[in-house]
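Data first, discussion second: the structure below is written as structure tokens.
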Amino acid sequence: MNRKILVIGSSNTDMTVQASRLPRPGETVLGGVFTMGAGGKGANQAVAAKRLGGDAAFICKVGRDIFGDNSIRQYEAEGLDTSLVLRSEKPSGVALISVDKDAENCIVVASGANADLSAADIDNCSDAIHGAGILLMQLEIPVPSVLRAAETAHEAGVMTVLNPAPALELPAEIFRYISLFIPNETELSMYSGMPVTDERSAAVAARTMMEKGEERLIVTMGSKGALIVDADGCIGIPAFKVNAVDTTAAGDTFCGALCVALSEGKGVVEAARFASAASALAVKKVGAQNSIPSREEVESFLDNQ
Ligand code: RIB
């Protein structure tokens, strides 16, 4: 089996402030500790895939600035293949993040160079897509680029995984190119047009998505666990109970970890349990890539359950 995981997506620098609560519109809240670190949904998923033992490469676009330089250095330190990290004349992506005492966050992203990763760039990387076993994507780069990558991978017989975050309108044809769709409850509700509040409603909404062409969905529901929905039925994966301090990148860690386990030939239930353990560990630390656990940490956590 081809174990190569190719992640195509965003690279950001995250500026995070912890506060007792998130501000309301027009309000200023005095916060606490400030941290700056590597983030971006694409980069977080690529780093998670690599740190958890995957054979991972990353395609993204950063600016010709200090944030871009630092990001590339960080990916190289992780051992990620960065030969396809591209440069833009726009500034590197930045995310402003607030985290409250219950570990919830709100995020505003200045996309910058991420918005410059074009369908033509994807065409230039088509050898990498053809050479992958799994292609993993999110929606912090332009939708036409995601569509082109998904179509190229689908035609090449590469397994395609889409984490539709942040939720954006998608062309209907993309659903035919995606092997595995990983939305959270809010995203699933938006794409299916149905309310999603629990496992039961998530299963109904996921079935609607399968009518649009999806083969399989895994709905991530935070502390309520995850739900796998495919032609064989629905299987709930319970969440591990941990003390959460920051949920940033929990979903990204789940997606990266899941792809690692699938690339090793694990079944989807075992892969989702591994991913769930990895994301449980991620919420115990502040930050995005800073919080992603190692393979050893996840295995020892699972051994102790
Ligand atoms: O999913 C978390 C990520 O979303 C952060 O790292 C931030 O950069 C935003 O892209």
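The values are calculated or read from the model by the stated rules, or taken from the named source; none is laboratory data. In this text, all values refer to a predicted model and were calculated from it rather than measured experimentally. We place every Cβ from the backbone using ideal geometry, glycine too, and count neighbours over all the protein chains shown.
Annotations for the structure displayed:
- In region 178-199, the count of residues that are surrounded by fewer than 21 Cβ atoms within 10 Å (Cβ to Cβ), aliphatic (A, V, I, L, M) and in contact (Cβ under 8 Å) with a residue 24 or more places away in the chain is zero.
- For region 49-73, filtering for residues that are part of a strand (DSSP E or B) and either within 13 Å of the ligand (Cβ to nearest atom) or more than 25 Å from PHE301 (Cβ to Cβ) (or both) leaves 7.
- Beta carbons closer than 9 Å, at least 6 apart along the sequence or on distinct chains, pair a first residue in region 224-252 that is within 19 Å of ASN163 (Cα to Cα) with a second that is within 16 Å of the ligand (Cβ to nearest atom) and among the basic types (Lys, Arg) for ALA249/LYS41; GLY251/LYS41; ASP252/LYS41.
- Within region 15-48, the set of residues being under 17 Å from LEU139 (Cα atoms) and within 9 Å of the ligand (Cβ to nearest atom) comprises GLY39, GLY40, LYS41, GLY42, ALA43, ASN44, GLN45.
- Residue in region 201-223 that is surrounded by the most Cβ atoms within 10 Å (Cβ to Cβ), counting only those that are out of contact with any strand residue (DSSP E or B) (no Cβ under 9 Å at 6 or more places or on another chain) and within 21 Å of PRO238 (Cα to Cα): SER201
- Within region 277-287, considering residues that are modelled with pLDDT of 95 or more and of a type in the set (A, V, I, L, M, F, W, C), the one nearest to ALA49 (Cα to Cα): ALA278
- Looking across region 123-166, the residues that are more than 14 Å from the chain's Cα centre (by Cα), among the hydrophobic types (A, V, I, L, M, F, W, C) and not in a strand (DSSP E or B) come down to CYS125, ALA128, ILE129, ALA132, VAL143, LEU147, ALA149, ALA150, ALA153, ALA156, VAL158.
- Tally, over region 123-141, of residues that are surrounded by fewer than 23 Cβ atoms within 10 Å (Cβ to Cβ) and within 16 Å of the ligand (Cβ to nearest atom): 1
- Of residues in region 1-14 being within 12 Å of the ligand (Cβ to nearest atom) and in a strand (DSSP E or B), the one surrounded by the most Cβ atoms within 10 Å (Cβ to Cβ): ASN12
- Taking region 89-98 as the range and being part of a loop (DSSP other than H, G, I, E, B) and within 13 Å of the ligand (Cβ to nearest atom) as the test, only SER92 passes.
- When region 99-122 is limited to residues that are within 12 Å of the ligand (Cβ to nearest atom) and either part of a loop (DSSP other than H, G, I, E, B) or of a type in the set (Gly, Ala, Ser) (or both), the one that is surrounded by the most Cβ atoms within 10 Å (Cβ to Cβ) turns out to be GLY112.
- Residues located in region 275-291, provided they are buried (at least 23 other Cβ atoms within 10 Å of the Cβ), assigned to a helix (DSSP H, G or I) and within 12 Å of the ligand (Cβ to nearest atom): SER279, ALA282, GLN289, SER291
- So ALA43, is it over 18 Å from ASN290 (Cα atoms), in contact (Cβ under 8 Å) with a residue 24 or more places away in the chain, part of a helix (DSSP H, G or I) and small (Gly, Ala, Ser): no
- Total residues in region 74-88, condition of a type in the set (D, E, K, R) and in a helix (DSSP H, G or I): 2
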